[in-house]
Each structure stands twice: as structure tokens, then as C-alpha cells.
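The values are calculated or read from the model by the stated rules, or taken from the named source; none is laboratory data. The model shown is predicted, which means the values in this text are computed figures rather than measured ones. Backbone-built Cβ (ideal geometry, glycine too); neighbour counts: all protein chains shown.
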Amino acid sequence: MSSIETLSALRQPTHLPVRLSRYFPLAPPLIVLMIAFAIPMGMMIGLSFHDADTGILTLDNYVRFFGDDLMLAGLWRTALMSGLVALCVTVMAYPVAYYLARSTSRWRVVVFALAITPELAGVVLRTYGWLVILEDHGAINNLLTWSGLISEPLPLSKNLIGVVIGLTHVVLPFGILSLLTSIQGIDPNLERAAQILGSSRVSIIRHIILPLSVPGIVSSLLIAFTMAASAYATPALLGGAGFKVIATMVYEQVLFYIDWPFAAVMAVILLVMMLTIAFIGARVEARLHRKLHI
Amino acid sequence: MNSNDIEMVSVTKTFGSNLVVNNIDLAIPTGEFVSILGPSGCGKTTTLNMIAGFAQPSSGEIRIRGKSQRGVPPEKRGIGMVFQNYALFPHMTIAENVGFGLKMKKRPAGETRDAVQNALRRVHLDGFENRYPKELSGGQQQRTALARAIAPEPSLLLLDEPLSNLDLKLREAMRVELKDIQEQLAMTFVYVTHDQDEAMAMSDRIVVMQDGVIAQTGRPAEIYEHPRSSFVADFIGKSNLLPISDIRQIENDWFVSLGTKGLTLSVFIPDGMSGHDARYCCIRPEAVRLAVTDEGIPPLPNRLEGTLSRIVNLGAYFDCFITLKDGTVLKSLVRSTRLPGLAVNQAVFLSIDPDAVQLLSR
Ligand SMILES: Nc1ncnc2c1ncn2[C@@H]1O[C@H](COP(=O)(O)OP(=O)(O)OP(=O)(O)O)[C@@H](O)[C@H]1O
Ligand SMILES: [Mg+2]
């Protein structure tokens, strides 16, 4: 909207129908979002405050969650796993994103395709792939046992390591994309300017590229964290009974214990954790933008 | 002892099958202000990038201070560069920007501070140390970029159209400042521009480029007065550029016919040129003398009559377009105070000194 339009809208607050009509195109997506997202979300939050048997309004479910060591351990595992995935994804995505942002080679397209296309294969398929590689009788352990390096299989699945490896792979493209956008926004001439002023490759990265891409780093961490925290299939397949996170525990709660309100509590707590992280991240990012003058 | 800061020997650059710089030979003596002048896409930036080390010549050699630069990365060449779009570091203050080169060279903090102060004073930006690039105007950013390049005191500075984004007034002021800085610090400047006024105003020497080759090098006056080709004549300054249809000698005098309708001018053949090689003649507008009466022009040869078809008022001068009897249009530059009452469609008389008709072989 141009500033003139804004001004005239401000001057004529009585022309309500005219202004509303501008938002009509937004109606269909809004309705879909209402039905598919807001209403179930509201129902879930409402459910979490009801007693499972009597249906009376209560806070008991929350009290129960925070009094249950098993639940708190699950929450901690979820946070730890998501944090590790966020770190691994960002560290691995950075060089790829930098290459994609700067390269003029014809291999660029190939690397881009390799980085993004795994997303098309679907989460379950890729996770099974990792299971075949990581499980006790999987590719890695078989190879190591056969070569005589180990006698017992290494614990690569049904634990934190396996889930983090699998999720890192699943989330990596999103990390790459968010870093790519950020690094592409940095004028390549800045690197040349630093270089002609005597900077080595390493100090260009340290003094120019890293500081200017911090907002991208923050958003990559954020995206990776929230995607990992809400992931279900990968922790379910690679973590299994040995490594339970909130997402898999919610499923268990619904399927085996048929305790919908308590499952809703867990989901709400997971949601609150992600929203908190997202909120902090957004604040940090906004501050960085101001601090870095970009 | 080698007194050339830069030597380019048969330097060629191709991008794929695209020949961008074609066999350039150029020597730039220490302390000289050289402008590389040419139309867009003629290979100026590419040439500068090869000197800086951002691009490698496809063949040929570049020497800086006598040393071949093959395999020497930009950070080891000991030169400064001012980029067309400034390329200031947005996350650093002006002081940090200007001090960056010294910091990279691991100079003591005190020395860096002094050098930053000095450089900022030189570009009249003292007091701006703690601002960020975004908080400066275009001209101030431009001067910051210059200060950043000169703070480490490189003996050689490359400038890629550094004034192209400034308005006319600021540009003219910056020209003077640039020239002052270059002289005070005794630096070698390689200045890329497509603005011929800029090149004329500042340079010791101008290199005119055309499609990847050097069309001519010389002092500004030399190039203006003796362009070697119609391209150079047309590119440097304003000119009446007319193709020659015939040239003949009558006793000791030479005459050229221009166009088909019998416009003939008496000319002098310069030393070292055969009259029969002449293809074009170039007459600078200020050499076309204009008068409103027959008596107003000297009794020389080359007297012409025509009608004033257009007047462009440049303030101190009128840019006059005169249509001759045969339809040829000539430009003449007239001091506005000399003929204040000039009007369109007026009959006028022209004279051209045979000395002022430059003959060009291509
Ligand atoms: N990296 C590159 N790959 C392919 N072609 C290039 C590359 N860089 C430049 N060129 C081509 O080389 C030619 C000269 O480019 P260059 O940038 O040197 O021109 P210039 O004289 O600086 O022009 P301008 O005044 O517009 O800046 C252009 O035709 C351009 O398309
Ligand atoms: Mg250029």
C-alpha cells in the first residue's frame, strides 16, 4: 500500500466497506486456516483443561505433568535433541549455503539440487534409510564387525545419536535455505574490499561474512529447533522405545492410555516451548538487525 | 631501476568465447594519475580487476612495481581500491571501516587511530568516526570509501567509477579533492570512468578503450586536440565529425570534400600523415566561428553560410546547430555574451580555420 493510500484511509475512517473489500481475497485462505488450524488448536487447548473422566474444568492435568519425572525427562530429551539438531544443521548448512551463495560454477545447480531434492523423498523413506544404516545389524555395524574393529554393535539407533543424525538430515535443507537467503544478501564486493585491504580468507569469514550472516544463523537455529521438536516420524523410527520425546509420547498417550486431555497437555507444553524459543529468536534477530546496521 | 608502478604486457581476457580485453600493453609510471576511459562494456572494470587480482589474465602478464603478479592474491598485492558501489562494511563504524586495512596489517592500535584520523580529515569527515555507513549521505559514504582505501597508504590506488553515483556539484568538488589527495600523497591512481569530463579534469594521462583494445593514450590536451580515430574524437569532447568523400591537392594546398553536395574545406595535412589516408574530419564546435553578418568573420578560406536551426543555452555558452546550404548540420559553441540576440532561423556566417580541421584516418 502506498503512503498516499494509507493517508487517505486514515482521513476517511467512515468508508468501512471500501476498506474491508480490500481484504476479501484473503477470505478463502483464512477460512481454511480457521477450520484446519485454529479450531483444532483451540479444541486441544480447551481439552487440556478438562478432567479425562468427569469432563470438569481443572488444572490437574498440568499439575500431573510437572509432577511426573517421566514427563519432565521426555521434555528435557526433546529440548536436548532439538538443540543438538539445530546446532548440527546450522554448522553443516553454513558451508553449503556459502558455496551456493557465491559459486558461479556450473556445479552450483547440481549442489543445490542435491541439497534440496532429498526433501522430495519424504521423511519416512529417508528415516528408514538411516535405520538400515544405523541399526545394530545395519550397514555401519556390519562393516565394523566384519572388519574386526568391534565385537559388539555400536549403539547408533534407538538413542539420541540416531535421532539427531536422522533429524539433521531431514531438517538440513531448511537450514541451507534460510542461511542461503541471508548470505546472498551480503554484497560480494564487501569480501573483495576486505581482501584488497589485506584480509586472508579466514579473516574475511571472521570479520565480514559471519557477523553479517548472524541473523541467518539465528533463523536457521530457530527453524531447525522447531522442526526437530515437532518431528514425529524420525524419533519414532530411529528412537523407538529407547528414546522417547514429547511428540512420540503424545502418540503413546492417545493410542495406549487413551488419555486425550493429558495428551493435549503434553502437546500444549511442547507448543509453548517452541513458541518461547521462536519468540526469543525473533527478538534476538530484530536486535541483531539493528545492531549490525543491515 | 624500474619507475613503472604497473606494466601490462599483451594482456588478454576472455570469458568463454567472449574476448573482453584484447592484447593490452600499458605502462603506468609511479605517481601518475591515469584514467581509463571508455563506453560501457568496453572492458574497463575487467582491466582493473586483473590489476587488483580479482580476475586472472587469459594470457599476457601484469607486473606491479616490477614484479610479475602471476599467482599473487589480491591481499598480497599492496594496492588499494575504491569500489563503484562503495562496499562499506555496514556493521562497522566509520572509524572501524577506515581502520580495517591497518587492523588486517596488525598495526599497533595507536598508529591505526592516528591513520584513521588523518584519512578522515583528508576527506573532511572528522567527527563522523562513530556513525555507521547507513547514517551517512551518498557523498559521505563515497568519501569514507576513499578514506578507507588511503588509510593504509598504498602507493597504488585503483578507482572504479567512484563518483558515478554523486550529483554534479558533489562530483565536481570530489574531483578536486581526489586530485589533491593524489598529489599530496604522491600516489599512483588508476581511475576508471566513462565520464570524459572527469577524465579530462583530473588525469595526467588518459587511456581511451574501445571494445577491449586501447584506442589511444595521451595527455588530456593531446587526445582532445589530436584524436587518432573518429571513435576517440567522438568520445572525447563534442565534435563535428564528417566523413570525407574526396581529398585533393592543388599546388601546396589540400582540400577535402564532405558529403556529396560540394561542401569543400581547405585543410592542413599534419606531419607524418599522408593526405590520402584521411577518412574523417573532426572540427571542435569552439573552432567553428559564428557571426551574424558577413563582416563578422575573418576573411579566411572556409567561409560558410547557413541557417541557425537550434540553440541550446548552456549558460555561459550557446550550443548552436547550423544547417548549411547542402543540408549538413554543424555545431558551434558561442560565448553567450558575444552574440546575445541570437535567434533560431536566423541566417548566419561561419568560418573554420584550416588548422582546426583534424584529419583522421579511421
Ligand atoms: N564474469 C564475467 N563473465 C562473462 N562476461 C563478463 C564477465 N565480466 C564481464 N563480462 C563481459 O565483459 C565485457 C566488459 O565488461 P566490463 O565490466 O569490464 O565493462 P566496463 O567497461 O567496466 O563497463 P561499465 O562501464 O558498464 O562498467 C562486458 O561485455 C561483460 O558482459
Ligand atoms: Mg565497469
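Some points to look at:
- Residue check for A:L72: touching a residue at least 40 places away in the same chain (Cβ under 8 Å) and closer than 27 Å to A:V163 by Cα: no
- Any hit, region B:3-11, residues being more than 16 Å from ligand 1 (Cβ to nearest atom), free of Cβ contacts under 8 Å to residues at least 24 places away in the same chain and of a type in the set (G, A, S): no
- Screening B:M50, B:M92 for residues that are within 15 Å of ligand 1 (Cβ to nearest atom) and either more than 7 Å from chain A (Cβ to nearest Cβ) or among the basic types (K, R) (or both) leaves exactly one candidate, B:M50.
- Per-region count, region B:157-183, residues over 15 Å from B:S203 (Cα atoms) and touching a residue at least 60 places away in the same chain (Cβ under 8 Å): 2
- Lone qualifier among B:L136, B:L158 - being buried (at least 21 other Cβ atoms within 10 Å of the Cβ) and within 27 Å of B:P90 (Cβ to Cβ): B:L158
- The set of residues from region B:78-97 being part of a loop (DSSP other than H, G, I, E, B) and within 16 Å of ligand 2 (Cβ to nearest atom) comprises B:F83, B:Q84, B:N85, B:Y86, B:A87.
- Complete set of residues in region B:40-62 that are surrounded by fewer than 14 Cβ atoms within 10 Å (Cβ to Cβ) and within 16 Å of ligand 2 (Cβ to nearest atom): B:S40, B:G41
- Filter result (within 16 Å of ligand 2 (Cβ to nearest atom) and either over 22 Å from the mean Cα position of the chain (by Cα) or not assigned by TED's automatic domain parsing to the domain that holds B:Q216 (or both)) within region B:1-33: B:K13, B:F15, B:N18
- Which numbered condition B:R65 fails, given (1) surrounded by fewer than 21 Cβ atoms within 10 Å (Cβ to Cβ); (2) within 15 Å of ligand 1 (Cβ to nearest atom): (2)
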